[in-house]
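Participant: Provided herewith is a single structure, encoded as structure tokens, for subsequent inquiry.
The values are calculated or read from the model by the stated rules, or taken from the named source; none is laboratory data. Owing to the predicted nature of the structure, the values given are computational and were not obtained by experimental measurement. Because the Cβ atoms are built from the backbone with ideal geometry, glycine has one as well, and the counts that use them run over all protein chains shown.
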Amino acid sequence: MTLRNNQILRLESEEFEVLIIGGGINGSVAAAALSARGIKTALIDRKDFGGETSQSSSNLIWGGIKYLEGLEFGLVRQLCRSRNQLIRAYPSSVREIRFFTNLEKGFRFPALMIYLGTFLYWLMGICFTHPPRLLSRSKIDREEPVISTSNSIGGVEYSDAYLVEHDSRFVFQFIRRALTEECAAVNYIESQGSELKEDGHWITQVRDTQTGKEWSIRSRVVINACGPFVDRQNEISRQKGKHRHIFSKGIHLVVPRLTEIERVLTFFADDGRLFFAIPMGNRTVIGTTDNRVKDPETEVTKEDRQFVLDNINKRVKLKHPLEEKDIFAERWGVRPLVLETGQVDQNSDWTKLSRKHAIDVDTEKRHISIYGGKLTDCLNIGEELCAELSRMGITLPDPKKRWFGEPEPEKRLDFLNQAQKLGLNVPFHPNAYDTQAECLWRRYGEEAFELLEMIHHDSSLTAPIFPEAENLLCEMNLIAEQEMPVCLADLLRRRTRLSLLFHHDFLKNSEPLKKAASIVFGNQTEKNWEEYFS
Ligand SMILES: Cc1cc2nc3c(=O)[nH]c(=O)nc-3n(C[C@H](O)[C@H](O)[C@H](O)COP(=O)(O)OP(=O)(O)OC[C@H]3O[C@@H](n4cnc5c(N)ncnc54)[C@H](O)[C@@H]3O)c2cc1C
């Protein structure tokens, strides 16, 4: 029986202390934290884990430097602390990176003032990263020739961190952790609303979106972690909260790599907002936008695309300006921003809204809703939820157990040594930062030892799934067995990032990819292929 079917059986037959609705970053950390601390937990998502907002971010783990301008010192301090904690806990996945920033004539602050701001930011991050540098225009020319300095007044370089792999893969680490702690977690299961019964238990009506099967799940507590859909979920469950969401759309374009050095190029776009060129493997991700939208369901418009292309083309020197045909993939989503229920929604001032998360707790009904949040803040959310459950009178059998972080460094070393003997100490492509072995460790943690076992039995599994790919054939076996991929998008966009790094048509015409997909989907490959590429 597949892992997913097994998990569904549990959802059908067992009763849970906590049911989490939504498997983005917030729901996933909740599942990892609560199940590790001994609470019998279930998690459902109507799409794939990390398949909504948590696959649309800028992949930055950052202390929120831009919030200094709004004097939100408390938020910046908290985000810096969270960033440092994530760098420490996930040394392979969350890595410090330099932000190489060019400032242009007419910018609202002089370069020296921005430098002082980055210095304050560094101090607020308890000097955990490398210190900032003030850059003259000639230094920028020398160190990063791709930046157009014709209008430059110099710049600064400071540090934050980024997700070396990608956001939804990071989310899956928490799902994996939750699964190993006996959480029942299943993707493609939709909640149709929860009702509090007289016996004090919640009954949540659910539907398997793959088979149409419906049933109900009984739990003592419900956590609504539906991201931008929290309000809708509360509405169908007739649950009133102290907060609500408004939405800001952000898009990114994935284009050929702009600079060889692993760093973020930072600019201020025409609208005065921070604008980034962020490395992702051998590509660069550029963006983002920040436009108020009414609904959480969005798409990339021609104007969004043009805004990003125009802004990058004005600020870098390339042989040919970037055009639509250079775009490998697009990412888009809405930032769920938090308002108090009675707060007037002032359109004019909405970009200044705080990006803090809020957790609404209805102690009497034992219902929790998570509003807003950031990938960067995820560990705090996990801890806060544990504390809220305790306050509700729910005993955490193992209240101090650590629920996050990579395995001990000795295990990593052991893995890297064994992997080296199998020839995995080479990079996937010439300018890659890490070896194949390091990539496997980052993606699968201790599960990566199973890959070595597979390779011992069949050395052909060390081949990449197609020559330019950054995934090995052996990974397909592990993903199939342990990561619940249901459709091709799960495999290409979230378990791997192939659909971000390669053109749709390139993938569509790749026979080796189809062969690799057949390891995951067996006799369902043709159907999945058709659905994804038609
Ligand atoms: C453009 C952009 C850039 C960003 N950049 C950064 C960044 O660089 N760093 C950072 O820290 N943060 C960033 N963020 C913020 C961050 O990505 C989000 O705050 C975070 O991903 C939200 O996670 P979530 O779990 O609340 O929501 P989601 O990831 O949306 O998860 C909610 C889940 O609930 C599920 N769901 C909804 N309804 C139901 C239902 N009825 N039944 C079952 N499941 C349901 C959805 O399918 C979804 O998977 C960015 C956001 C955007 C949009």
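Per-residue answers, yes or no, for (1) out of contact with any Phe, Trp or Tyr (no Cβ under 6 Å at 6 or more places or on another chain); (2) of a type in the set (A, V, I, L, M):
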position: PHE174; (1), (2): yes, no
position: GLU182; (1), (2): yes, no
position: VAL186; (1), (2): yes, yes
position: GLU190; (1), (2): yes, no
position: GLY193; (1), (2): yes, no
position: LEU196; (1), (2): no, yes
position: HIS201; (1), (2): yes, no
position: GLN210; (1), (2): no, no
position: TRP215; (1), (2): yes, no
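Participant: Among the listed residues GLY250, GLY241, GLY272, which satisfies the condition of being at pLDDT below 95, out of contact with any helix residue (DSSP H, G or I) (no Cβ under 8 Å at 6 or more places or on another chain) and among the small types (Gly, Ala, Ser)?
Facilitator: GLY272
Participant: Within the range 121-145, how many residues turn out to be surrounded by 15 or more Cβ atoms within 10 Å (Cβ to Cβ) and hydrophobic (A, V, I, L, M, F, W, C)?
Facilitator: Qualifying residue count, the range 121-145: 6.
Participant: Which number in (1) under 30 Å from GLU470 (Cα atoms); (2) surrounded by 24 or more Cβ atoms within 10 Å (Cβ to Cβ) marks the one condition that VAL222 misses?
Facilitator: The failed condition is (1).
Participant: Is there a residue in the range 382-392 that is within 19 Å of the chain's Cα centre (by Cα) and part of a helix (DSSP H, G or I)?
Facilitator: Looking for residues that are within 19 Å of the chain's Cα centre (by Cα) and part of a helix (DSSP H, G or I), one finds at least one in the range 382-392, hence yes.
Participant: Hey, among the residues in the range 34-88 that are free of Cβ contacts under 8 Å to residues at least 60 places away in the same chain and either over 17 Å from THR129 (Cβ atoms) or of a type in the set (S, T, N, Q) (or both), which one's nearest to the ligand (Cβ to nearest atom)?
Facilitator: ASN84
Participant: Quick check on my filter: what residues within the range 200-256 are in a strand (DSSP E or B) and hydroxyl-bearing (Ser, Thr, Tyr)? Working first, answer last.
Facilitator: Narrowing the range 200-256 to residues in a strand (DSSP E or B): 202-208, 214-224, 243-256.
Answer for the range 200-256, where residues must be in a strand (DSSP E or B) and hydroxyl-bearing (Ser, Thr, Tyr): THR204, SER216, SER219, SER248.
Participant: Okay, moving on. Is there any pair with a first residue in the range 293-311 that is in the same structural domain as VAL255 (by TED's automatic domain parsing) and a second that is in a loop (DSSP other than H, G, I, E, B) and of a type in the set (Val, Ile, Thr) whose Cβ atoms are under 7 Å apart and which are 6 or more apart or on different chains, and what are they?
Facilitator: Close Cβ pairs (under 7 Å, with a partner that is in a loop (DSSP other than H, G, I, E, B) and of a type in the set (Val, Ile, Thr)) amount to ASP304/THR289; PHE307/THR289; VAL308/THR289.
Participant: Among the numbered conditions (1) among the aromatic types (Phe, Trp, Tyr); (2) within 23 Å of ALA358 (Cα to Cα); (3) within 13 Å of the ligand (Cβ to nearest atom), tell me where PHE99 comes up short.
Facilitator: The failed condition is (2).
Participant: Another one. In the range 5-33, what residues are within 12 Å of the ligand (Cβ to nearest atom) and hydroxyl-bearing (Ser, Thr, Tyr)?
Facilitator: Listed by number, the list holds a single entry, SER28.
Participant: Also, quick follow-up: Exactly one condition in (1) at positive phi; (2) under 24 Å from the mean Cα position of the chain (by Cα) is false for ALA178; which is it?
Facilitator: (1)
Participant: Another question about this same structure. Look through LEU396, LEU353, LEU389 and report the one residue that is within 16 Å of the ligand (Cβ to nearest atom), aliphatic (A, V, I, L, M) and either at pLDDT below 95 or out of contact with any Asp or Glu (no Cβ under 8 Å at 6 or more places or on another chain) (or both).
Facilitator: Checking each option against the conditions leaves just LEU353.
Participant: Here is a further query. Only one residue in PHE229, PHE268, PHE247 is in contact (Cβ under 8 Å) with a residue 24 or more places away in the chain, more than 10 Å from the ligand (Cβ to nearest atom) and within 25 Å of ARG355 (Cα to Cα), so which one is that?
Facilitator: Values: PHE229 fails: more than 10 Å from the ligand (Cβ to nearest atom); PHE247 fails: more than 10 Å from the ligand (Cβ to nearest atom).
So the residue among PHE229, PHE268, PHE247 that is in contact (Cβ under 8 Å) with a residue 24 or more places away in the chain, more than 10 Å from the ligand (Cβ to nearest atom) and within 25 Å of ARG355 (Cα to Cα) is PHE268.
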